[in-house]
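Student: Once you've had a glance at the structure underneath, I'll fire off some questions.
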Amino acid sequence: MSQLRVHTACERIAFVDSHTAGEPTRLILSGGPDLGGGSVGEQLDRLRGHDWLRRCAIHEPRGHEAIVGAVLCEPLDPEDACGVIFFNNTGYLGMCGHGTIGVAVTLHALGRIGLGRHRFETPVGRVEVDLLTPHRVAIDNVASERVKRGVSVEVEGIGRVTGDVAWGGNWFFLADQAPCAIVPANIGHLLDAGERVRAALVREGITGRDAGEIDHIEFFQKSDTPGVDARNFVLCPGGAFDRSPCGTGTSAKLACLAADGKLAPGETWVQESVLGGVFEGRYRISDERGVMPTITGEAFVTAEGDLLRQPEDPFAEGMGR
Ligand code: PYC
């Protein structure tokens, strides 16, 4: 029951927040537009026409740049648990690994799904989640692939940077040589370097398949943490960094490791984020689809409530684009 005594009409957007290895997910439960039916891709096209929901839920003063939003929609296949569309401070994501883990844990906390396997539809394909405990989730992600190996770009202020271009549900440029140590004290420097690499890719016309924009930049380094294979830093499209090891980024990494013969199917790759959160990754090979990654991580719910939009509020749709 609300404590507020507001005098004017007030729209409410119900949400539950969670974090996955520190990276926030805001799941919108109600108050968004009717997205109709059809494929999740078609529903995403309709949601783009109601961009106020993304801006309101993610931008300040109701959100902040690191939040990834998720809105549930009708699945095309009624046997699937739900459709889900992810968005951030700059636009819409194909898939989101940490977000899928967060959504699964939240739906379980709401009593909407039980432990075990469930299928979610995303704009870039169906993923399967296995809720192992109320917090621990394994996702069978979309097929992932490396499309370019050893791409070298001239980066302003840095020099030549070499990396691979791979798909893990979003497009990534993955560089094994980080510009500095991947530690929290260097986050400012890593953000700046990531933006410069992204600009160099645009300048040199380097894209993913079908001219897909490479909007995530991922640096890697060896980790000193026992049992961890590598530490990463991931620059996300809107200029925030992923607090988690990035589910789609870890999937892209698995595709590169598989292509290089450095990780066998079924072997585990332990990926640590700049903040020390961990995902476990492994893959199987499908004859038709190639590298099929499974990413395992943990999420926890952190808040529930209503975002409020008053018509007279000049920032009813948030600050920013
Ligand atoms: O976990 O896939 C992910 C992700 C993408 C952007 C932020 N997190």
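The values are calculated or read from the model by the stated rules, or taken from the named source; none is laboratory data. These figures come from a predicted structure and were not determined experimentally. With ideal geometry, Cβ positions are generated from the backbone for all residues, glycine too; neighbour counts draw on all protein chains shown. Quick note on the areas: whole protein, heavy atoms, side chains included, nothing else; ligands and nucleic acids left out. Shrake-Rupley method; radii C 1.70, N 1.55, O 1.52, S 1.80 Å.
Student: Run the numbers for Glu74 and Glu267: contour at 0.36 nm per residue of separation, minus the present Cα-Cα distance, in nm.
Tutor: Extra length available between Glu74 and Glu267 comes to 66.0 nm.
Student: Still on this structure, I have one more. If we count every other residue with Cβ under 13 angstrom of Asn232's Cβ, Lys/Arg +1 and Asp/Glu -1, where does the sum land?
Tutor: Around Asn232, the surrounding residues sum to -2.
Student: Which percent of the accessible heavy-atom area of the range 1-125 goes to carbon and sulfur, probe 1.4 angstrom?
Tutor: The value for the range 1-125 is 49 percent carbon and sulfur by accessible area.
Student: Excluding ligands, DNA and RNA, what is the solvent-accessible area per residue of the range 137-204 at a probe of 1.4 Å, expressed in Å²?
Tutor: Value returned for the range 137-204: 42 Å² of accessible area per residue.
Student: Still on this structure, I have one more. Rounding to the nearest 20 debye, state how big the charge dipole of the range 85-199 is about its Cα centre with +1 on each Lys and Arg Cβ and -1 on each Asp and Glu Cβ.
Tutor: Dipole magnitude for the range 85-199 comes out near 260 debye.
Student: Using the Cα centre of the range 112-158 as origin and beta-carbon charges of +1 (Lys, Arg) and -1 (Asp, Glu), tell me which of Leu132, Phe120, Gly157 is placed farthest towards the positive end of the dipole.
Tutor: Leu132
Student: For the chain, what does the helix formula give at 222 nm: sum of -39500 (n - 2.57) over DSSP H segments with n ≥ 4, over the residue count, nearest 500 deg cm²/dmol?
Tutor: -5500 deg cm²/dmol
Student: Now for a different question. Rounded to the nearest 0.05, what FRET efficiency do Arg149 and Arg46 give with R0 = 41 Å and r taken as the Cβ-Cβ distance? Could you check?
Tutor: 0.60
Student: Keeping all protein chains in place, calculate the accessible area per residue for the range 36-120 (probe 1.4 angstrom), answer in Å².
Tutor: I get 36 Å² per residue for the range 36-120.
Student: Suppose every K and R has +1 on its Cβ and every D and E has -1 on its Cβ; what is the size of the dipole of the chain about the Cα centre, in Debye to the nearest 20?
Tutor: Here the size comes out at about 240 debye.
Student: Give, rounded to the nearest 20 debye, the magnitude of the charge dipole that the range 54-93 has about its Cα centre when Lys and Arg contribute +1 at Cβ and Asp and Glu contribute -1 at Cβ.
Tutor: Approximately 340 debye in magnitude.
Student: For the range 31-127, state which GluC sites (Glu not before Pro) are in a DSSP loop and have at most 11 other beta carbons lying within 10 Å of their beta carbon.
Tutor: Sites meeting the loop and neighbour criteria: Glu79.
Student: Between Gln310 and Ala181, what length comes free when the chain is fully extended (0.36 nm per residue of separation minus the Cα-Cα distance, one decimal in nm)?
Tutor: Extending this stretch completely gives an extra 41.9 nm.
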